[in-house]
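Presented below is the structure to which this report refers.
The values are calculated or read from the model by the stated rules, or taken from the named source; none is laboratory data. Keep in mind it's a predicted model, so treat the numbers as computed, not measured. So basically every Cβ, Gly included, is an ideal-geometry build from the backbone, and we count neighbours across all protein chains shown. Note: areas computed on protein heavy atoms with side chains; ligands, DNA, RNA excluded. Shrake-Rupley method; radii C 1.70, N 1.55, O 1.52, S 1.80 Å.
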Amino acid sequence: MSAAPPSLFPPLAGTAARRRVYFMRHGHVAYYDAEGRPLNPKLAPLTERGREEARAAGALLAAVPLDRVVCSGLPRTRQTAELAVEGRGLTVEEDASFLEIRAGRLTGVPRENREAAYVYGFENAALEDAGFAGGDNFAAVYGRVVAGFERLLLEPGWTTLALFAHDGVNRMLLSWACGAGLGGLCAFEQDYGCVNVLDVDVVDGRIRRRLIRATNLTPGNPAKLGLHETSLEIAFRPVLALE
């Protein structure tokens, strides 16, 4: 393996050309009001539980020498990032490449099809022209997320980066890392506030290898006590009850 030019980034200790990304799902948010009616997900802030999850992630990463911090720009990812890196003096950058995949309008999905579309929609992501619950096209979002991530990986000036994003986005990054593509989305669970760790070798301006170190770590609950439902089952349970 040839060494990366020293002007690009100092590699992780003991390696020739390796950099590390910690990418996290935002903390818990309330997507519905007290009556179970959907709220605007673009504006959904962290709940107190979500803030605790962000602080727990920050404690986990306290000894990590972060060089850059990036979020999708939505309030829930920015709030999570700011809490997790509080006191470090790092600027939280925004990158719309990592915005979450969006479902379509509830009224556009027949009641009898909602569970398949919303809760288990990722199972059909690899089908031609498939969209998420009548909304964004999976392939288009995957292309946007992967292009944004590869651009970050090739940018100079950092060795270790933290990215605060979303359930679907993180699934796409993990599927890209293991070569599964859209067919792997349904296999990678992403609980609220979870942390993933990925090492990438960048050699001569090219991404040469991807190493998944950890996935779906929940710092405040590493044994997953009480976490029996998937994140999509939890998020869309109220949708299934709406008329």
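Within region 25-126, all pairs of alpha-carbon atoms sorted by distance into 10 Å bins from zero give the percentages 13, 36, 31, 16, 4. Estimated at the nearest 10 Å², the accessible area of Glu86 is 140 Å² with a 1.4 Å probe. Evaluated at q = 0.11, 0.13 Å⁻¹, the base-10 log of the normalised Debye intensity for the chain, with identical point scatterers placed on the Cα atoms, takes the values -0.57, -0.79.
Solvent-accessible surface of protein heavy atoms, probed at 1.4 angstrom with all chains present, puts Cys186, Cys194 in the order Cys186, Cys194, largest first. The magnitude of the dipole of the chain, with charges of +1 and -1 set on the Cβ of Lys/Arg and Asp/Glu and taken from the Cα centre, is near 560 debye. For region 28-104 and region 181-212, what is the centre-to-centre distance using only Cα atoms, to the nearest Å? Between the Cα centre of region 28-104 and that of region 181-212, the gap is 19 Å.
Each Cα pair under 8 Å and six or more residues apart adds its sequence gap; the mean of these over the residue count of the chain is a relative contact order of 28 percent. The residues neighbouring Gly134, those whose beta-carbon lies less than 15 Å from its own, together hold a net charge of 0 under the Lys/Arg +1, Asp/Glu -1 convention. Straightening the chain between Leu227 and Glu82 buys 49.6 nm, computed as 0.36 nm per residue apart minus the Cα-Cα spacing. Using only side-chain charges placed at the Cβ, +1 for Lys and Arg and -1 for Asp and Glu, the dipole size of region 144-195 relative to its Cα centre rounds to 140 debye. Split the accessible area of the chain by element, probe 1.4 Å, and carbon with sulfur accounts for 54%.
Among residues other than Ala17 with Cβ under 14 Å from its Cβ, the summed charge is +4 (Lys and Arg +1, Asp and Glu -1).
Here the spin labels are modelled as points 7 Å beyond Cα on the Cα-Cβ line, and at Tyr32 and Arg151 they lie 3.6 nm apart.
For region 137-183, the fraction of alpha-carbon pairs lying more than 17 Å apart is 32 percent, rounded to a whole number.
Loop-located trypsin sites (Lys or Arg not before Pro) across region 158-243 with a Cβ neighbour count of 16 or fewer within 10 Å are Lys224, with loop assigned by DSSP.
Binning all Cα-Cα separations of region 84-201 at 10 Å, short to long from zero, yields these whole-percent fractions: 12, 42, 31, 13, 3, 0. Remark: the chain carries 47 Å² of accessible area per residue (probe radius 1.4 Å; ligands, DNA and RNA excluded). Note on Ile212 and Ala16: the extension gain reaches 68.8 nm, defined as 0.36 nm multiplied by sequence separation minus the Cα-Cα distance.
Our coupling estimate for region 191-202, obtained by passing each phi through the Karplus curve with A = 6.51, B = -1.76, C = 1.60 and θ = phi - 60°, is 6, 3, x, 7, 10, 10, 10, 9, 9, 9, 8, 10 Hz, Gly and Pro reported as x.
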